[in-house]
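Enquirer: After the structure tokens below, expect a handful of questions from me.
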Amino acid sequence: VGTGMQLGGVREVALQKAPPLSQVLLNIIPTNPIKALAEGNILQIIFFAILFGIAISKAGKAGEPVKDFLEAVAQTMYRLVNLVLYYAPIGVFSLIAWTVGTHGLGVLKPFAYLIFLFYLGCAIQLFLVYGGLLRLLKIRPFRFFGRIKEAPFFAFSTCSSSATLPVTMRVVQGTGVSATTASFVLPMGASINMDGTAIYQAMCVVFLANAFGMHLTVAQMAIVGVTALLASIGTAGVPGSGLIMLTMVLGSVGVPVEGIAFVAGIDRIMDMARTAVNVVDDS
């Protein structure tokens, strides 16, 4: 998917050579977290952020001010990015209009192929992976899906797992889950449990790598899988957040982040499916 796609002037972007897996593993521990932030070394940043978060948790009450400050910074940055994304559709429209006008309607075929494969991947995750897990727990999958269907439908329309949370809690408790369990698991899941987002990020990286003529090795695909998982954990449960975190996954294997301009045009269509998968995953 993405192979042979006409990217116009974006093809002039210099491709970065991804380091070998052994070097990535050696470099994952930062010697200087500030330098890692300045250089955009994603894996080092994630590694440090996990350790820093554990330290805040271990600090207890003394760590609460740091936690509150970081939460305020995160929310502020989300608002800032939303302001930028508010005008992004104008740029995406202009970019796609120029590309289609120059190269013809055939350039839209790869996007349709990507959307189809992504929805197919979401269906496999829902019915084979989750369905299989439910069967292991002696729960009939389609009966369970039928009882919680209101939550993924609501998520599909809102593209926000956070906004869907009250609905998810209500329908899950309707299946027999206690209020105590639901109130503990579901809010945490709406923040860090993003299987649909991980699928989206991995598929977009492969799509853009093929579009730029890059060949991803097995080791690089493993890096994409790990980084997509970690990035999905840090994704906010609001519309469009998966597109923001996609920059991290692209950077981990040297795929030019300029390619995001192309998937941004179809992000909303894919956002609906990935959010629905995230909500079912939480349930």
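Enquirer: Straight-line reach from residue 67: which lysines have Cα under 27 Å away, leaving out those fewer than 8 places along the same chain?
Expert: Here the lysines satisfying the reach criterion relative to residue 67 are 35, 58.
Enquirer: Spin-label point model (7 Å from Cα, Cβ direction): what's the residue 90 to residue 112 distance in nm?
Expert: According to this spin-label approximation, the distance is 3.1 nm.
Enquirer: Quick check on packing: order 167-173, 155-161 by the mean number of other C-beta atoms within 10 Å, highest mean leading.
Expert: Per-residue Cβ counts within 10 Å, averaged per peptide and sorted highest first, yield 155-161, 167-173.
Enquirer: Over its Cα atoms, what ratio of radius of gyration to 2.2 N^0.38 Å does segment 134-283 give?
Expert: Values: Rg = 16.5 Å, N = 150, 2.2 N^0.38 = 14.8 Å.
Cα-based Rg divided by the globular estimate yields 1.12.
Enquirer: Here's a follow-up. If you project the alpha carbons of segment 101-144 onto their three principal axes, what span does each projection cover, largest first, in Å?
Expert: 56, 14, 7
Enquirer: Each label point is 7 Å from the Cα along the Cα-to-Cβ direction; what then is the distance between the points at residue 128 and residue 83, in nm?
Expert: Inter-label distance under the simple model: 4.5 nm.
Enquirer: Another question, then. Tally Lys and Arg at +1 and Asp and Glu at -1 over the other residues with C-beta under 9 Å from the C-beta of residue 171: what net charge comes out?
Expert: +2
Enquirer: Between residue 215 and residue 149, what length in nm is gained on full extension when 0.36 nm per residue of separation is reduced by their alpha carbon distance?
Expert: In short, 19.8 nm is gained.
Enquirer: A further question follows. Could the peptides 188-201, 124-137 be put in order, highest first, of the mean number of other beta-carbon atoms found within 10 Å of their residues?
Expert: Result, highest mean first: 188-201, 124-137.
Enquirer: Report the gain in length on full extension from residue 183 to residue 170: 0.36 nm times residue separation, minus Cα-Cα distance, nm rounded to one decimal. Could the numbers behind the result be given before it?
Expert: Details: separation 13, 0.36 × 13 = 4.68 nm, distance 1.01 nm.
Gain on extension, residue 183 to residue 170, equals 3.7 nm.
Enquirer: Also, quick follow-up: Compute the distance in nm between two label points, each set 7 Å from the Cα along the Cα-to-Cβ direction, one at residue 97 and one at residue 137.
Expert: So the label points at residue 97 and residue 137 sit 4.9 nm apart.
Enquirer: Please report the net charge: other residues with Cβ closer than 15 Å to the Cβ of residue 247, K and R +1, D and E -1.
Expert: After counting each charged neighbour, the total is -3.
Enquirer: Cα centroids of segment 266-283 and segment 145-221: how far apart, whole angstrom?
Expert: 5 Å
Read-outs throughout are calculated quantities, based only on the coordinates presented, and are distinct from any laboratory measurement. Just so we're clear, the structure is a prediction, and the values are computed from it rather than from any experiment. When we count neighbours, we look across all protein chains shown, and the Cβ atoms used for this are built from the backbone with ideal geometry, even at glycine.
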